[in-house]
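Working notes for the structure below.
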Amino acid sequence: MTTPPVALVPGVPALLPAYASLEDPVAPLRAACLAAVGGLGPRVRVRSSGPSGARVAAALVEAVGAVVVEDGATGVLVVGNGSAKRTEKAPGDFDPRAEEFDAGLRSSFAGVDAALAAELWADTACLGELPPLADAEVTYDDAPFGVQYWVARWQ
């Protein structure tokens, strides 16, 4: 049995179609997400930790002409992100621990300190089963708006 491809995208509401405009504030992130989701095939299972992430995932899946399914998936879409307190302009107040926390996530998603993740507003609930980013094709790794986002794909 072949393991389906897996992609990681952030659940940032700016990826919803309502936010795409003439001046798309997240154009490079959106392009990376659409490319990653497009490689998951026509039937995508979504793993997200909340309604915002599920909405973003559903919108991305629909945008590439696929459907969200529970069984018989051709690919898996995981929604999550690193800390949201990396700069003074971040949604949360700046926290000097954020950058080190995100560096740790880059090395391994396993064994995340859930309490620290919550303090840093990181959406890591669905990341624990993912292989390290070093094993993935990472097409986006940046912290716009002070929030760490990754777009990655594992075959």
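What follows is calculated from the coordinates using simple rules that are stated; it is not laboratory data. What you see is a predicted model, and the numbers here were worked out from it, not measured in a lab. Cβ coordinates were reconstructed from backbone atoms using ideal geometry, including for glycine residues, and neighbour counts include every protein chain displayed.
Structure above, values below:
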| item | result |
| --- | --- |
| Computed magnitude of the charge dipole of the chain (debye, nearest 20; Cβ of K, R +1, Cβ of D, E -1) | 380 |
| Global form of segment 87-155, assessed from the alpha-carbon gyration tensor, a/c cut-off 1.5 | oblate |
| Folded to 0 to 90 degrees: helix 98-107 orientation relative to the chain principal axis, Cα | 40 |
| Length released on extending from ALA115 to ALA103, taking residue separation times 0.36 nm less the Cα-Cα span | 2.6 nm |
| Cα gyration tensor shape of segment 6-154, rounded if a/c is under 1.5, else prolate or oblate by comparing a/b with b/c | oblate |
| Computed [θ] at 222 nm, deg cm²/dmol, the chain (DSSP H ≥ 4; -39,500 (n - 2.57); rounded to nearest 500) | -8000 deg cm²/dmol |
| Computed over the chain: relative contact order in percent, which uses C-alpha pairs under 8 Å that are six or more apart | 29 |
| For segment 72-117, fraction of C-alpha pairs farther apart than 12 Å, in % | 67 |
| Helix 27-38 vs. the chain, principal-axis angle (Cα, 0 to 90°, nearest 10) | 40 |
| R0 of 30 Å, Cβ-Cβ distance ALA134-GLU62: FRET efficiency to nearest 0.05 | 0.45 |
| Selected from ALA114, ALA32, GLY92, residue furthest toward positive end of dipole (the chain; charges at beta carbon) | ALA32 |
| Most to least packed among 36-49, 63-76 [average Cβ atoms within 10 Å] | 36-49, 63-76 |
| Options ALA134, LEU22, THR124, ranked by Cα towards positive dipole end of the chain, top entry (Cβ charges) | LEU22 |
